[in-house]
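Just below is one structure, and these are the notes that go with it.
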Amino acid sequence: MIGASILCLSECYYGAQRDTLRARLGDSWKIWTHSTSRGPVVLWDSSKWLHLDRETVDFGDNFHGATRVALKHIVTGLILDVISVHVRPGAVATAEQKAADVAKTLTLYRGRPTVIAGDFNLSSPPLPGWTRVTPRIDTLDADGIQALDSAWIKGPGITGRYATAHEAPLSDHDGWRVGLTLAAPDLT
């Protein structure tokens, strides 16, 4: 239907918006939400991925944080951590506070193949050791160039294959479609 088996959403309000999305995706889709009212969520197709565990971090308000979900691919048995993030914007946070939000997000990394995707509210978020898999292009419908939305990978056996931006009619941000490859670990 949508050609993806995992979705990361930075803003997704409780109630009607999430219900409509899940109804459109179908019964096999599962969701883990952040505790905030419109915080980041991860959705996955449970016919392709098994849920292993989950964790969230809070950025101190009712709107922003990060959500990590560990998923195991049903066919290959490979594990992927997926982190959806929404860093506080300039209206409520300084550049230093935004960097602290990113640092707090990185505490969710467990050494496994991991993708972090979302609204960093920074054009160049501080992610040392991570590889950006999305181009640095304007993703926000506002004045000036604002490359706020991106996806990053880290960990053994994960590579990016492609990333394309798509207009998201329900948001003031463009959405990203990212193709990733997971390789079996070398046990020699």
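Couple of notes before you dig in:
- Verdict on Val87 being buried (at least 22 other Cβ atoms within 10 Å of the Cβ), within 15 Å of Glu55 (Cα to Cα) and aliphatic (A, V, I, L, M): no
Yes or no, residue by residue, for (1) touching a Lys or Arg at 6+ places or on another chain (Cβ under 9 Å); (2) under 15 Å from Thr181 (Cβ atoms):
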| position | (1), (2) |
| --- | --- |
| Ile83 | yes, no |
| Ala93 | no, no |
| Ala100 | no, no |
| Tyr109 | yes, no |
| Val115 | yes, yes |
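- When the stretch 33-53 is limited to residues that are at pLDDT 85 or above and crowded, with 17+ Cβ neighbours inside 10 Å, the one that is nearest to Ile79 (Cα to Cα) turns out to be Trp49.
- Which listed residue is more than 22 Å from Ala4 (Cα to Cα) and at pLDDT 95 or above, from Ala142, Ala99, Ala91: Ala99
- Test: Val102 is assigned to a helix (DSSP H, G or I) and either within 17 Å of the chain's Cα centre (by Cα) or free of Cβ contacts under 8 Å to residues at least 60 places away in the same chain (or both): yes
- A single entry from Val57, Val69, Val82 fulfils the requirement of being in contact with a Cys (Cβ under 7 Å, 6 or more places away or on another chain), at pLDDT 85 or above, within 24 Å of Leu148 (Cβ to Cβ) and not in a loop (DSSP other than H, G, I, E, B): Val82.
- Asp27 vs. criteria of a type in the set (Asp, Glu), modelled with pLDDT of 80 or more and either assigned to a loop (DSSP other than H, G, I, E, B) or farther than 21 Å from Thr107 by Cβ (or both): yes
- Failed condition for Val41, given (1) of a type outside the set (Lys, Arg); (2) on the phi > 0 side of the Ramachandran plot; (3) under 12 Å from the mean Cα position of the chain (by Cα): (2)
- Every condition in (1) buried (at least 19 other Cβ atoms within 10 Å of the Cβ); (2) in contact (Cβ under 8 Å) with a residue 60 or more places away in the chain holds for His73 except the one numbered (1).
- Residues considered: Leu170, Leu127. Of these, the only one that is part of a loop (DSSP other than H, G, I, E, B) and modelled with pLDDT of 75 or more is Leu127.
The values are calculated or read from the model by the stated rules, or taken from the named source; none is laboratory data. This one's a predicted model, so the numbers in the text were calculated from it and none came from an experiment. When we count neighbours, we look across all protein chains shown, and the Cβ atoms used for this are built from the backbone with ideal geometry, even at glycine.
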